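This report refers to the structure that appears directly beneath it.
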There are 2 protein chains.
Amino acid sequence: MRVLVTGAAGFVGRALIRSLGDAHQVVALDRDCAGLRVERAIAGDLTDPDALVRAFADPVDAIVHLATVPGGAAEADPALGWRINMDGSFALLDAAARHGNCPRILFASSIAVFGDPLPDLFYGAHKAMIEQWVATLTRRGAINGLSLRLPGIVARPRAPSGMKSAFMSDVFHALQAREPIILPVSPEATMWLMSVERIADNIRHALEGTSKFGEPYAVTLPAIRTDMAGLIGEISRQTGADPALVSFVPDAALEAGFGRQPPLMTGSAEALGFANDISLTRLVEAALRRIGDRHE
Amino acid sequence: MRVLVTGAAGFVGRALIRSLGDAHQVVALDRDCAGLRVERAIAGDLTDPDALVRAFADPVDAIVHLATVPGGAAEADPALGWRINMDGSFALLDAAARHGNCPRILFASSIAVFGDPLPDLFYGAHKAMIEQWVATLTRRGAINGLSLRLPGIVARPRAPSGMKSAFMSDVFHALQAREPIILPVSPEATMWLMSVERIADNIRHALEGTSKFGEPYAVTLPAIRTDMAGLIGEISRQTGADPALVSFVPDAALEAGFGRQPPLMTGSAEALGFANDISLTRLVEAALRRIGDRHE
């Protein structure tokens with residue numbers, strides 16, 4: 001099938017394109033599509049009507065909507081966050097509905113929708129609102145939508161991401177490189193994590209499901225729950241790094257926002273075939289393998 | 001206090017201005033403010049930045065956000081609906097948050113947020129999404145917001161309103177004027193109704209509550225639940241009109257959308273001091289009185 005991927009040049013987008021491989025045709029939409037190996041790449045913005053016209057020029061069977069202004073960036077520029085996360089999503093979904101074939105649409109939502117104990121970020125509210133819009137258009141039969149709530153993804157590249165949760169990935173990079181790192185959370189901080197390959201596998205699973213998934217309009221993906229001490233122990237064991245490289249200067253807001261994630265129950269998602277990384281060991285292996293690939 | 005009212009020239013806005021009377025200063029914002037007796041009237045649109053600057057030129061203590069593109073009109077022009085109901089609300093709430101005094105904000109939401117058994121209207125989704133945004137800004141301490149879910153309001157003026165539920169008001173006008181009317185629902189259709197005066201009283205009650213209402217970010221207002229046969233009987237009794245003036249050609253979508261409202265439980269709203277019209281008799285009295293006033 002032909003799959004339109006927004007935010008295709010991002011970390012998740014690139015992993016998804018690798019996973020879709022030759023099995024599907026990918027139309028990529030992103031501001032800068034350099035280096036993407038896809039059927040067609042469209043450099044543009046969701047709020048640019050011309051880019052959307054070009055994106056739907058050939059029949060599209062499915063859409064994976066990854067493009068977003070993430071948490072920290074949306075806090076820094078709320079108007080930009082609204083414009084891309086809300087108006088951009090409206091424009092994309094409107095174009096998809098007009099496409100006329102009730103396309104499969106996977107919207108990359110986030111565990112940030114839950115709010116307290118997670119933070120009340122603009123970003124989380126945007127995701128919750130667009131989940132609602134996806135559900136409305138799906139109930140109306142205009143699209144065949146599903147929102148997937150993504151947990152923390154490790155290990156993202158070290159470059160500034162505009163994400164408040166960047167420390168979850170930075171600890172991998174630091175220990176792999178034998179560098180000291182100061183974390184803004186305590187060793188007791190609990191997180192929900194997934195490797196980017198597993199994220200891509202889950203998106204592909206949802207994409208290849210030919211029919212609707214029955215009732216749910218949104219699915220919280222399973223994740224590995226770990227505390228920071230356990231994560232550091234496992235990264236150190238696999239890399240041979242000294243865990244004493246890590247020190248802790250907890251920031252109350254970040255600890256409250258990203259370090260108090262309760263036990264995660266995702267039985268309904270698992271019944272639908274979505275999966276986590278199986279174990280902390282395999283999650284860390286996958287994350288370190290990705291860092292290694294990039295260093296090659 | 002000084003109260004900014006958006007959509008001030010509408011049916012609810014005018015009733016609210018009458019209710020606030022001399023007790024509060026009203027700043028009215030609407031596209032056409034002709035005939036409004038208020039401290040200051042601003043002719044403009046929520047998406048016009050200049051109108052918002054003028055609206056907040058003097059310190060505002062509270063905002064009642066009534067302006068909206070209603071159900072039928074939002075279905076006819078989804079882009080306009082999004083622009084006013086979503087982007088307009090964002091702009092207003094952003095200006096309110098920047099005002100810096102954590103103003104009291106009452107957002108006129110709707111029972112349309114419930115969806116099935118009510119219809120999945122764009123309008124209902126807009127209201128649900130902005131409820132979420134109001135709650136987010138309130139949890140962050142930027143505003144002191146509360147969403148009030150309004151039931152069907154009777155009797156609205158006969159002029160085209162862009163509302164799919166206009167028949168609920170039209171039946172009052174027809175019987176009062178001894179004119180035949182064909183209703184698009186059956187005699188068994190059940191509705192949730194409130195007079196516009198009671199709506200205004202409830203908004204004023206929420207406005208004059210000086211502190212937040214504790215937990216809820218949204219309140220479903222109590223309403224009188226009646227079936228169409230009972231409503232016609234009561235209007236006929238009070239007006240002396242022949243109920244045989246009414247005939248029924250149910251439209252399946254309207255019957256499903258507006259005529260299957262289940263029993264309404266609003267104990268938490270009542271505990272907060274919100275009230276319905278007490279009885280069907282008094283609801284009909286209030287609605288007919290309003291029609292009479294307009295005829296004078």
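The values are calculated or read from the model by the stated rules, or taken from the named source; none is laboratory data. Model, not experiment: these values are computed from the prediction. Glycine gets a Cβ as well: all are built from the backbone with ideal geometry, and neighbour counts include every protein chain shown. Areas reflect the complete protein model, heavy atoms only, side chains present, ligands, DNA and RNA absent. Shrake-Rupley method; radii C 1.70, N 1.55, O 1.52, S 1.80 Å.
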quick note, the protein assembly as shown, DSSP beta bridge pairs, % antiparallel (nearest 5) is 10
Counting only pairs 8 or more residues apart or on different chains, how many lysine pairs in the protein assembly as shown have their Cα atoms under 28 Å apart? 7
Everything considered on the Cα gyration tensor (a ≥ b ≥ c; rounded for a/c under 1.5, else prolate if a/b is larger than b/c, else oblate), the stretch A:229-296 must be described as oblate
Students often check this: by mean Cβ neighbours within 10 Å, which of A:5-11, B:43-49 ranks highest, and how do the rest follow? A:5-11, B:43-49
Kirkwood-based Rg to Rh ratio, the stretch B:40-167, C-alpha trace: 0.97
Over the alpha-carbon set of the stretch A:118-265, work out the extent along each principal axis and list the three values in angstrom, largest first. 55, 30, 29
Does any residue of the stretch B:118-158 lose at least 30 Å² of accessible area with all protein chains in place compared with its chain alone, and if so which ones (probe 1.4 Å)? B:Asp120, B:Phe122, B:Ala125, B:Met129, B:Gln132, B:Trp133, B:Thr136, B:Arg139, B:Arg140
Computed lengthening from B:Arg18 to B:Ala271, 0.36 nm per intervening residue step minus Cα-Cα distance: 88.5 nm
Only Lys, Arg (+1) and Asp, Glu (-1) charged, at Cβ; the protein assembly as shown dipole about Cα centre in debye: 20
Between the label point of B:Arg37 and that of the same position in each other copy, find the distances and list them shortest first in nm, with every label point placed 7 Å from Cα along the Cα-to-C-beta direction. 7.7
Below 8 Å, C-alpha to C-alpha, sequence gap of six or more: please give me the relative contact order for the stretch A:28-96 in percent. 28
Taking just the alpha carbons, could you work out the radius of gyration and Dmax for the protein assembly as shown, both in angstroms? 26.8, 91
Quick one: pull the percent of accessible area on the protein assembly as shown belonging to carbon and sulfur, 1.4 Å probe, ligands and nucleic acids left out. 52
What average count of beta carbons from other chains do you get within 10 Å of the Cβ of residues in B:51-58? 0
Measuring from label point to label point, each 7 Å out along Cα→Cβ, what is the B:Asn101 to A:Arg282 span in nm? 6.0
Note the direction-averaged projected area, equal to a quarter of the hull surface, for the Cα convex hull of chain A, in nm². 14.3
Taking amide H atoms as placed 1.01 Å from N in the peptide plane, list the residues 5 or more away in sequence, or in a different chain, whose amide H sits under 5 Å from that of B:Ala218. B:Ser147
Return the chain B residue and its Cβ-to-axis distance, rounded to the nearest Å, for the rotation relating B to A. B:Met129, 2
Might you tell me the accessible area per residue for the protein assembly as shown, computed with a 1.4 Å probe and given in Å²? 39
Buried on assembly, the stretch B:78-113 (at least 50 Å² less accessible surface than by itself, 1.4 Å probe): B:Trp82, B:Phe90
Given a 1.4 Å probe and no ligands, DNA or RNA in the count, how much accessible surface is buried by B and A, both sides, to the nearest 100 Å²? 2000
With N residues in the stretch A:191-252, Rg(alpha-carbon) / (2.2 N^0.38 Å) equals 1.63
